[in-house]
Structures are given as structure tokens and as C-alpha cells.
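So the structure is just underneath, and the comments pick up after that.
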Amino acid sequence: MKKIITFAICSIAIICVANAQSKKKQDQNAIKEMCGCFEVTFNFAETFQYSSDSLYKPSKTKRDKALEWAQLVEDDTNKISIQHLLQVGNPTKPHIIKHWRQDWTYQNTNFYMYNGDNTWNYENKPKTEVKGQWTQKVYQVDDSPRYEGSATWVHVDGKSYWENATDAPLPRREYTKRSDYNITVRGNRHEITETGWVHDQNNDKVIRESGKEDVVLAQEKGYNTYIKVDDSKCKAASDWWNKNQEKWALVRKKWNDIYAKNKNLALEVKVDNKALYKHLFSDEMIEEEEITEVIESFVKN
């Protein structure tokens, strides 16, 4: 009887491990479906306003289109990294813009959580809290931090999706025009579809002040569709990455050294009257020593 019970327990354990591995493989496949060439439509609209100011003006509805190349940069057992590149302008001679990057890390416990004023608070979460989850870490165009959050990929009824809410800086479309709030609480949903994927957002525009409760100024709906097209349409972006990837590997290496310190991070907005991306986007900025020096100049002690 003891042997039978032991055998049954072992069998259940083997099945559980196999199922976990199968689920993880499903997760990895879903994440990598976000790689390739996409025709993207960006849609944002302010939905509800809660301001007591009678002169309050909501953000204008925004709708843009672009061609975007999502390059698989890293594909390891517990980490998948995807670099996004915009391909704009004349199709016969397009201009390439290094866009955002997303890293997906399995059962990650180290977090940099945005807290306004270009600061990120380091948090170490217990393993039990992130079991089976993937953290999406989103980076700015210069590979500095933006926002991150952890959740479980769900595969049910023919759907694959991941959703999470987390604090983030204002998006570019807002911070160049708005200063009446300082935190975007991003409700992100990434769903894989038959034609590509959808980035569905329900965002709160929040005023955060030390010692006070957060105030929701307004809410926003974002709905960005990524329709997969033939990779040949993004050849210019793919070629650009092949030419420039070594430089950006050096940039990521330096940032990884900074993140590995596992302590709160505060960054300057500008140095020598220029934002970090303007320094790094220079064609002359290619040497590791220069890259290290300019990134360190933005990190506050």
C-alpha cells in the first residue's frame, strides 16, 4: 500500500511539473507573438473628468498610425526582451526611430516602481507573491526605466492575455502639454489576436503629493492595435537594428549595472540642457566610456 501511495504522489508531482512547463511554454509563445512587423493604430481618449476647476480642459482625442518593427533581442528560459522601432516617412527611404522596449521576466522579485518626479522606488517582493507570473518591464527610448508590473498570463477560451495596473510617468503625448497631474496609473492588457495583438489600457490621471492621498483628476481609454504584416515591410528597421545593436547593447549593459544596485533611483530630466535620449541618439555616441559617462551624469546620488 505504501508503494502505491508513494507512486501516486510521484505521478501527481510529475504531472504538475509537466503542466507548469507546458503553461510556461504557452506564456513564452504568447509573448513572442508580439515580435515582427506591425501596422499600429494608436487611439487615446479622455473619458471622465473629476476636476473641480470649471476651466478644466480635457486632453484632445489622439489617433495615429505607424509601422513598427518589434525585434527579439533576448530569448532565454526566464527572460524575453523585445525592442520596438518605428519606421516613418517616405516608404522608399524611411526614417527609423528607436522606440520603447519591453522585457518579460519570469517570477521576477526585483522591481523599480515609479513614484513621480522622475524617481523609482526599489521593491523586493517575496517569491510566493510572483509565483508563475511574468513581469513586464517597460523602458524609455534611451533604455532608462519607465514602468513595470507583474501578473499571470491567462490562456482560456481561445484567448491569451496578461493584465496589470501600475504607476507610470506621463506619456510623451501628455507631459509636453500637461502639468496638472504627475502620475499615470496604467491599467494594461496585452491580448494576442488572430491578426496580431492589442494593447488595451484604462488609465487614471493622478495627482500625487507627499503626505496626501492620491487624487484622480481624470480617466483615459487607450486602445492600440498591432496588425501583423509581412516582415519585408519593416526591412529598413530590421537593417537599422542590425547596424546599431552593438551600441544599444552597451547602453543596456550600463543600465543593468545601475538596476543591479537594488536601491531607489532618481534621474535628472536634462544634463547640459539636453534629455538623455538626445545625448544617446547622437551618431557620435558609440564608445562604451562615453555612453557610461553620459548615463551616470543623469543618475542622482
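The values are calculated or read from the model by the stated rules, or taken from the named source; none is laboratory data. Predicted model, so just to flag it, every value in this text is computed and none were measured. Backbone-built Cβ (ideal geometry, glycine too); neighbour counts: all protein chains shown. Surface areas here come from the heavy atoms of the whole protein model, side chains and all, with no ligands, DNA or RNA. Shrake-Rupley method; radii C 1.70, N 1.55, O 1.52, S 1.80 Å.
A few remarks follow.
- Placed amide H near ASN118: partners under 5 Å, 5+ positions off or other chain: none
- In Hz, Karplus ³J(HN,Hα) per residue of region 88-98 (6.51, -1.76, 1.60; θ = phi - 60°; x = Gly, Pro): 10, x, 4, x, 7, 8, x, 9, 9, 10, 5
- FRET efficiency, ASN264 to ILE207 (Cβ-Cβ, R0 22 Å, nearest 0.05): 0.55
- When only Cα pairs below 8 angstrom with a gap of at least 6 residues are kept, the chain shows a relative contact order of 17 percent.
- In straight-distance terms, cross-link reach from LYS233 covers every one of the aspartates and glutamates whose alpha-carbon lies under 13 Å from its own, apart from those fewer than eight places away in the same chain; here that gives GLU39, GLU68.
- Rounded if a/c under 1.5, otherwise prolate or oblate - region 96-145, Cα gyration tensor axes: oblate
- ³J(HN,Hα), Karplus 6.51/-1.76/1.60, whole Hz, each residue of region 109-122, x for Gly, Pro: 10, 9, 10, 10, 9, 5, 9, x, 6, 6, 10, 10, 8, 6
- Whether region 126-209 is rounded, prolate or oblate, judged on the alpha carbon gyration tensor where a/c under 1.5 counts as rounded: prolate
- Using the 1.4 Å probe convention, the accessible area of the chain works out to 56 Å² per residue with neighbouring protein chains retained.
- Per the Debye formula on identical point scatterers at the alpha carbon atoms of the chain, with no solvent, log10 I(q)/I(0) at q = 0.12, 0.14 Å⁻¹ is -0.89, -1.20.
- Portion, in percent, of the accessible area of region 197-301 that falls on carbon or sulfur, probe 1.4 Å: 45
- Relative to the 2.2 N^0.38 Å rule of thumb, region 147-275 has a C-alpha radius of gyration ratio of 1.33.
- Carbon plus sulfur fraction of accessible area for region 78-152, probe 1.4 Å, in percent: 48
- When each of LYS79/LYS228; LYS32/LYS274; LYS32/LYS62 is checked by Cα-Cα distance, pairs over 25 Å: LYS32/LYS274; LYS32/LYS62
- Amide hydrogen neighbours beyond the local backbone of LEU217, cut-off 5 Å, H modeled: LYS205, VAL206, ILE207
- Proximal lysines relative to LYS270, as straight alpha-carbon distance under 26 Å, when same-chain residues fewer than 8 apart are discounted: LYS98, LYS137, LYS177, LYS205, LYS247, LYS253, LYS254, LYS261, LYS278, LYS300
- Set of aspartates and glutamates near LYS221 by C-alpha distance (under 13 Å), chain-local residues within fewer than 8 positions excluded: GLU46, ASP200, ASP204
- Stretchable slack from ASP230 to LYS57, in nm (0.36 nm times residue separation minus alpha-carbon distance): 58.2 nm
- Whole-Hz couplings from phi, Karplus 6.51/-1.76/1.60, listed for region 279-284; x for Gly and Pro: 5, 6, 6, 4, 5, 7
- Filtered trypsin sites (Lys or Arg not before Pro), region 58-113: DSSP coil and at most 13 other beta carbons within 10 Å: LYS60
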